[in-house]
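Step one of this worksheet: look at the structure below.
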Amino acid sequence: MRILFTGASSFTGSWFVKRLSEAGHELVCPLRGSDSGGGLRGRRLDWIRSGCRLVADATLGSDRFLAMADEGPFDLFCHHAAEVGDYKSPAFDVLSAVEKNTRNLPPVLSTLKARGLRGVIYTGTYFEPDEGRGSAPLSAFSPYGLSKGLSWQVVRFHCGLLGLPVGKFVVPNPFGPLEELRYTGYLMNQWKRGEAALVRTPDYVRDNIHVDLLAAAYEVFARSFVADKSELQNLNPSGYAGNQREFSERVAREVRQRTGWPCTLEFQPQSTFTEPLERTNGDTAVSIVPAWSEAAAWDGFVRYYTDDAASV
């Protein structure tokens, strides 16, 4: 397939592009900024560069983006990019994010459809309202989660007006090489220094997933979505669904096996619950990608951090 893919410089986006290109798909990836630079973003772009065409300064809805859409034909428009900012902040600007996530969407979709577009896949998150499984009501976790849910409604509405099939791929908590420094990165950095890692929210039930498994599920979903041609499809891939105590212990076990580090954990009794107690996805990812190797994924995760995050 020929795919127009936004958000290629993000953590999950870079993995999705890598997997799609390795499966033989042709990808054109518009970027908000440059197609070079340092830091984590630059390393992701260098990692995927050989497998796709990167187009700098082509923000969604811009003249440059519309010109690219007019190149067509594309089989799929994979809209993965989103305004993230400080996604945990209560001051996150919901309406500004929705506007950026859907800027000039009607002419973008109209142009793509006129050039032969077969469908749209939007990347959602289980932080959105009414996604995943868990504590009722299924409210948004945060203003960021609300912005993602509202953006999905806008995308679905305009696809419906044009008669374009639209699917949604819902991301839980991914982890792995090239991620920003979040929970598993914190664990690895503590253990690498020989220090214990403090688990402050052991009772939250979440859905953590290896990013390479998530990316493999995305590629399967993209292929099946185009082949099936149904008007609306969703996939909510699930990895390790359980409380954060269990997940932390799993990471410690796997890392200890491969490094010999003590991987000590200290669990803090949880008394504050500012987020829903439970939120997981419902589609078991390993059943979607049965050939995926869990051991190889853990090998890659440990190698990434023990090599000073120098390679994947």
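The values are calculated or read from the model by the stated rules, or taken from the named source; none is laboratory data. Please read all numbers here as calculations on a predicted model, not as lab measurements. So basically every Cβ, Gly included, is an ideal-geometry build from the backbone, and we count neighbours across all protein chains shown.
Remarks
- Filtered residue count, the stretch 216-272, keeping only those that are β-branched (Val, Ile, Thr) and in contact with a Cys (Cβ under 9 Å, 6 or more places away or on another chain): 2
- Criterion violated by Arg49 - all others in (1) of a type in the set (D, E, K, R); (2) over 17 Å from the mean Cα position of the chain (by Cα); (3) within 28 Å of Gln233 (Cα to Cα) satisfied: (3)
- Filtering the stretch 108-141 to residues that are farther than 18 Å from Asn208 by Cβ and of a type in the set (S, T, N, Q) leaves Ser110, Thr111, Ser139.
- The strands (runs of 3 or more DSSP E) found entirely in the stretch 1-101 include none that carry 3 or more residues being under 24 Å from Ser142 (Cβ atoms), at pLDDT 95 or above and touching a Phe, Trp or Tyr at 6+ places or on another chain (Cβ under 6 Å).
Let's see how each residue does on (1) more than 28 Å from Leu162 (Cβ to Cβ); (2) surrounded by 16 or more Cβ atoms within 10 Å (Cβ to Cβ); (3) outside the structural domain of Tyr144 (by TED's automatic domain parsing):
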{"site": "Gly13", "(1), (2), (3)": "no, yes, no"}
{"site": "Glu22", "(1), (2), (3)": "yes, no, no"}
{"site": "Leu27", "(1), (2), (3)": "no, yes, no"}
{"site": "Gly37", "(1), (2), (3)": "yes, no, no"}
{"site": "Arg43", "(1), (2), (3)": "yes, yes, no"}
{"site": "Arg49", "(1), (2), (3)": "yes, no, no"}
{"site": "Asp63", "(1), (2), (3)": "no, no, no"}
{"site": "Leu76", "(1), (2), (3)": "no, yes, no"}
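- When restricted to residues that are within 17 Å of the chain's Cα centre (by Cα), more than 15 Å from Glu219 (Cα to Cα) and among the hydroxyl-bearing types (Ser, Thr, Tyr), the stretch 7-46 contains 2.
- Among the residues making up the stretch 266-281, a single one is modelled with pLDDT under 95 and farther than 30 Å from Glu195 by Cβ: Pro276.
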